[in-house]
Amino acid sequence: MLTLLTATGCRPQAWALCERWMLAQDYPGAVRWLVVDDGEEAQPVTFERAGWSLEVIRPTPRWKPGMNSQARNLLAGLDRLEPSDSLVVIEDDDYYGPGYLSAAESWLNHGELVGENMARYYNVARRVGRQLTNRDRASLCSTEIHGTALEQFRKECKPGVQFIDLSLWRNFRGSKVLAETKHVVGIKGLSGRDGIGMGHKESFSGLHDPDGAMLRDWIGADAEAYL
């Protein structure tokens, strides 16, 4: 079984798309999806899929503008895990191609901290995309964890650590696997609660994509969900 962990709240558009991308996954195994929602109003959850279970966790205090509750929310999900679980971090506003979970399971057979490097970011509000060059780590949205890496992940989810993925990949000393596949795109600029990464900022630079050709090249017909 794979366990997915998603921190969300005040992002109904992003959450609806996240449900869509998980429904499209070709992974045939059982999945447990932990959804930590700290928005004042609960996200509308419509997800149903045979062989999948979904648990919504509602931590308090609820999120308010200017608050960074990511670490708190991830810990709320981690508290539901067993040491033997295989964890896949799914971020609510990012794109996941249909083969992602199947690939993630295969990577977890070879390492305790695994993921997809060479991230691609795309800001849909500004129509700007960028291919990153992170060969030595994965973004949190494309990171999978089991074994001793779960405890390291828990240690990194603490106040003052703004970019948990950077700390996790830098500090973990166990087995790691990185794949240069193209299953994930970090989507920025959707409506609702602002993200904290560089791709959400006005200063984010890259290639301008006014007609959406770059995004269509990256994810095919699924680009229409954003364009």
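Here Val36 meets each of (1) surrounded by fewer than 19 Cβ atoms within 10 Å (Cβ to Cβ); (2) not in a loop (DSSP other than H, G, I, E, B) with one exception, condition (1). Across the stretch 191-224, the qualifying residues are those that are open to solvent by 30 Å² or more (accessible area, probe 1.4 Å) and among the aliphatic types (A, V, I, L, M), and the one among them that is modelled with the lowest pLDDT is Met198. Of Arg135, Arg130, all but one fail to be open to solvent by 30 Å² or more (accessible area, probe 1.4 Å) and either of a type in the set (Phe, Trp, Tyr) or closer than 30 Å to Gln43 by Cα (or both); the exception is Arg130. Checking the stated criteria, Val56 turns out not to satisfy the condition of being in a strand (DSSP E or B), open to solvent by less than 30 Å² (accessible area, probe 1.4 Å) and either of a type outside the set (A, V, I, L, M) or modelled with pLDDT of 95 or more (or both). Cβ-Cβ contacts under 8 Å between residues 6 or more apart (or on different chains), taken from a first residue in the stretch 1-15 that is touching a residue at least 24 places away in the same chain (Cβ under 8 Å) to a second residue that is part of a strand (DSSP E or B) and basic (Lys, Arg), are listed as Met1/Arg32; Leu2/Arg32; Thr3/Arg32; Leu4/Arg32.
Quick one: in the stretch 2-33, which of the residues that are in contact with a strand residue (DSSP E or B) (Cβ under 6 Å, 6 or more places away or on another chain) and of a type in the set (A, V, I, L, M, F, W, C) is most open to solvent (accessible area, probe 1.4 Å)? If we take residues in the stretch 2-33 being in contact with a strand residue (DSSP E or B) (Cβ under 6 Å, 6 or more places away or on another chain) and of a type in the set (A, V, I, L, M, F, W, C), then Ala7 is most open to solvent (accessible area, probe 1.4 Å).
Looking at the structure I just gave you, is Thr46 among the β-branched types (Val, Ile, Thr) and more than 19 Å from Ala14 (Cβ to Cβ)? In short, no.
The values are calculated or read from the model by the stated rules, or taken from the named source; none is laboratory data. No experiment lies behind these values; they were computed from the predicted model shown. Reconstructed Cβ throughout: ideal geometry from the backbone, glycine too, with neighbour counts over all protein chains shown. Please note that ligands, DNA and RNA were not included when accessible areas were found on the heavy atoms of the full protein model with its side chains. Shrake-Rupley method; radii C 1.70, N 1.55, O 1.52, S 1.80 Å.
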